[in-house]
Amino acid sequence: MERLLSDEIRRKVAEVLGDVEREVELLLVAREEDDEADVIAELLAEVAEASPRLSSLRLSPEAARREGLVGEPHPAVYVRAKGGPAPRFRFLGAPAGYEFGSLVEDVRDVARGTTGLSEETRAFLASLADLAEPGVRIELEVYTTPTCPYCPRAVRLAHQMAMESERVTAVAIDALSFPELADRHSVYAVPKTVINGVHSIEGMVPEAVLVAHIREALGA
């Protein structure tokens, strides 16, 4: 297979990830027959070349479940600190086009163990134990397409919230690769964020506005 990333893009990825201090794994969950699986595997391998502390791994859905990951649907991409817990965020479909930047920034955040969320947002996420019933989780689904320039910000907000709180899971869904999921939530434009399967937000919104929508979805 031809290399997917140009020399210029590889240099830029190395600038962002070349000095990471924490070992990070880029995981692909897929079956051999999955569309795009080989291309995604190559993409993750090329990103991992940016630093000796990065690695890529391909897992079957069954092997993924044994490691605490969600096996279905697939192909799915996870970013995990090596030796760390199962990540609470993932991509469904290839993190390509504008979403490639989201993947690189996710790797950077996981490597650093920190996010760029505001103190107010982190305080809200820490308060979810009081706002939500025990066992209740916040699920953020962000529908995207590779050509959407506004989608990465929505994806990053959702993924960073999942990094910060054990009560939050987040998934970036390529609406073109998973049309049945997009149809289920009447996705006609992207980005579209769906909270707990029922509360939806059209377009990219600021951090504080997403927090307000989560509060509304919780009835808080």
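Readers should treat all values here as calculations from the given coordinates under stated rules, not as data from a laboratory. None of these values were measured; they are calculated from a predicted model. Because the Cβ atoms are built from the backbone with ideal geometry, glycine has one as well, and the counts that use them run over all protein chains shown.
Couple of notes before you dig in:
- Surface/4 estimate of mean projected area, convex hull on alpha-carbon atoms of the stretch 116-220, nm²: 6.2 nm²
- Bridge orientation summary for the chain: considering DSSP beta bridges with both residues in this region, about 50 percent are antiparallel.
- When both bridge partners sit in the stretch 116-220, DSSP labels roughly 55% of those beta bridges antiparallel.
- Relative to the longest principal axis of the Cα atoms of the chain, the long axis of helix 151-164 makes an angle of roughly 80 degrees.
- Nearest-ten-degree value, helix 37-48 long axis tilted from longest Cα axis of the chain: 80 degrees
- Measuring nothing but alpha carbons in the stretch 1-114 and taking Rh as the Kirkwood radius, the Rg to Rh ratio lands at 0.94.
- Above 19 Å, the calculated P(r) of the stretch 135-195 contains 28 percent of its Cα-Cα pairs.
- Whole-number D in µm²/s for the stretch 52-133 (Stokes-Einstein; Kirkwood sum over Cα pairs; 20 °C, 1.002 mPa s): 146 µm²/s
- Estimated translational D of the stretch 159-220 in µm²/s (Stokes, Kirkwood radius over Cα pairs; 25 °C; 0.890 mPa s): 196 µm²/s
- Of Leu27, Ala94, Gly83, farthest towards positive along the dipole that unit charges on Lys, Arg, Asp, Glu beta carbons give the stretch 1-114: Gly83
- Pair-distance profile P(r), taking every C-alpha pair of the chain, with 10 angstrom steps and integer %: 8, 35, 38, 17, 2, 0
- Compared with the alpha-carbon gap, the fully stretched path from Tyr188 to Arg122 is longer by 20.6 nm at 0.36 nm per residue.
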